[in-house]
Amino acid sequence: MAYKIEEVFLQKGADTRKKIIALLSQRPMTTKQLAEQLKLNYTTVRYHLEILEKLNIVCSDKRRGSVYHLTKNVNLLRAYLNDRALENEEKVQERGLRTYHNC
């Protein structure tokens, strides 16, 4: 199944995936370590990791017991999400200005 960035980071489960990325930006971790940190069950964390792997945001080193770490693509993802946030902020400001001028 192919995933779009919008589906992965702007819809259901996005907060969990963002938390996984934040934890992995500190250091590589196993699924078990991530589950403990997030206070989620192993299967749930594994599901989110699989999605992130398909997007090539994280990868695992099977030789080290499935230790996950971020790929360089995470920088592209962060830039994309920042651009989206700025676009949304500009839209909100535009709407606010229009409302103000129409009063």
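A few comments on the model shown:
Residues checked against (1) surrounded by fewer than 13 Cβ atoms within 10 Å (Cβ to Cβ); (2) modelled with pLDDT of 70 or more; (3) part of a loop (DSSP other than H, G, I, E, B):
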| residue | (1), (2), (3) |
| --- | --- |
| 56 | no, yes, yes |
| 60 | no, yes, no |
| 63 | yes, yes, no |
| 76 | no, yes, no |
| 82 | yes, yes, no |
| 86 | yes, no, no |
| 91 | yes, no, no |
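- A Cβ distance below 7 Å, combined with a sequence gap of six or more or placement on separate chains, defines the contacts here; from the stretch 39-63, residues that are closer than 11 Å to residue 20 by Cβ reach residues that are at pLDDT below 90 in the pairs 48/13; 51/3; 51/8; 57/73; 57/74; 57/77.
- Any pair with Cβ under 6 angstrom, 6 or more apart, that starts in the stretch 17-28 at a residue that is closer than 15 Å to residue 59 by Cα and of a type in the set (S, T, N, Q) and ends at one that is modelled with pLDDT of 95 or more and not in a loop (DSSP other than H, G, I, E, B): none
- None of 48, 69 is surrounded by 15 or more Cβ atoms within 10 Å (Cβ to Cβ) and in contact with a strand residue (DSSP E or B) (Cβ under 8 Å, 6 or more places away or on another chain) except 69.
- Of the residues making up the stretch 26-45, those that are in contact with a strand residue (DSSP E or B) (Cβ under 6 Å, 6 or more places away or on another chain) and small (Gly, Ala, Ser) number 0.
The values are calculated or read from the model by the stated rules, or taken from the named source; none is laboratory data. Given the structure is predicted, the values throughout are model-derived calculations rather than measurements. Cβ coordinates were reconstructed from backbone atoms using ideal geometry, including for glycine residues, and neighbour counts include every protein chain displayed.
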